[in-house]
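The values are calculated or read from the model by the stated rules, or taken from the named source; none is laboratory data. Please read all numbers here as calculations on a predicted model, not as lab measurements. Every residue, glycine as well, gets a Cβ built from its backbone with ideal geometry; the counts of neighbours run over all protein chains shown.
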Amino acid sequence: MRILGIDPAFRVTGFGVIDVVRFTPRYVVSGSINVTHLPDAQRLLKLQESIASLIAQFKPDVLAIESPFVYKNPQSAIKLGMARGVIMAAAAKEGLLIAEYTPTQIKSAIVGKGHALKTQVQYMITQLLGLSESPSEDAADALACGLTHAKIAAFSSRITA
């Protein structure tokens, strides 16, 4: 199974691709999509095109995306919702399964506690995937989202088997 993990944002969206073979995750690629320099509508278009390009290039079976948590600033929540919308639409257009996980679920699955720091997530991603250096925060969060889906899918398949 190939998983495209996404840490959505209106300015810098993290992505990470992992393969899972016999319950073992293998790193493929990660990075970020920086659209900070563009006007709002162009940000959304560039984000949608970038996600579509990642899907075409890496051909994932599923898109795992971080679901939003409560924001104090309604404007930030709205912009994050728009970014998530174009990402999910790009995945849906290609017929991908879309799995959503809260930040607490992701941190619990990767670090073992739901309120872990970003540096702890980066460290665990580096260890779990055997990387020679830590990915950026955005990429680490996206890889963590993908690994969370891999763990939940593996657990589900063991229960139903």
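Go through region 115-152 residue by residue and tally those that are part of a helix (DSSP H, G or I) and over 15 Å from the mean Cα position of the chain (by Cα).
Qualifying residue count, region 115-152: 7.
Quick check on residue 31: is it crowded, with 21+ Cβ neighbours inside 10 Å and in contact with a helix residue (DSSP H, G or I) (Cβ under 7 Å, 6 or more places away or on another chain)?
no
Confirm whether residue 123 is without any contact (Cβ under 8 Å) to a residue 60 or more places away in the chain, over 22 Å from residue 2 (Cα atoms) and either surrounded by fewer than 18 Cβ atoms within 10 Å (Cβ to Cβ) or not hydrophobic (A, V, I, L, M, F, W, C) (or both).
Considered against the rule, which asks whether it is without any contact (Cβ under 8 Å) to a residue 60 or more places away in the chain, over 22 Å from residue 2 (Cα atoms) and either surrounded by fewer than 18 Cβ atoms within 10 Å (Cβ to Cβ) or not hydrophobic (A, V, I, L, M, F, W, C) (or both), residue 123 comes out as yes.
Tell me whether region 106-113 contains one or more residues that are β-branched (Val, Ile, Thr) and over 14 Å from the mean Cα position of the chain (by Cα).
yes
Is it true that residue 16 is in contact (Cβ under 8 Å) with a residue 24 or more places away in the chain and touching a Gly at 6+ places or on another chain (Cβ under 7 Å)?
yes
Quick check on this structure: which one of 55, 78, 51 is within 15 Å of residue 9 (Cα to Cα) and within 17 Å of the chain's Cα centre (by Cα)?
None of the others qualify; the one that does is 51.
Mind telling me which of the residues 133, 137 ends up being in contact (Cβ under 8 Å) with a residue 60 or more places away in the chain, under 19 Å from residue 27 (Cα atoms), surrounded by fewer than 17 Cβ atoms within 10 Å (Cβ to Cβ) and of a type outside the set (Gly, Ala, Ser)?
137
Somewhere in region 137-158, is a residue in contact with a helix residue (DSSP H, G or I) (Cβ under 8 Å, 6 or more places away or on another chain), modelled with pLDDT of 95 or more and among the small types (Gly, Ala, Ser)?
Scanning region 137-158, I find at least one residue that is in contact with a helix residue (DSSP H, G or I) (Cβ under 8 Å, 6 or more places away or on another chain), modelled with pLDDT of 95 or more and among the small types (Gly, Ala, Ser), so the answer is yes.
Counting just the residues of region 93-108 that are assigned to a helix (DSSP H, G or I), touching a residue at least 40 places away in the same chain (Cβ under 8 Å) and not β-branched (Val, Ile, Thr), which one comes out surrounded by the most Cβ atoms within 10 Å (Cβ to Cβ)?
By that ranking, first place goes to 105.
Select, from 111, 86, 35, the only residue that is in contact with a strand residue (DSSP E or B) (Cβ under 8 Å, 6 or more places away or on another chain), among the β-branched types (Val, Ile, Thr) and either in contact (Cβ under 8 Å) with a residue 40 or more places away in the chain or closer than 16 Å to residue 7 by Cβ (or both).
35
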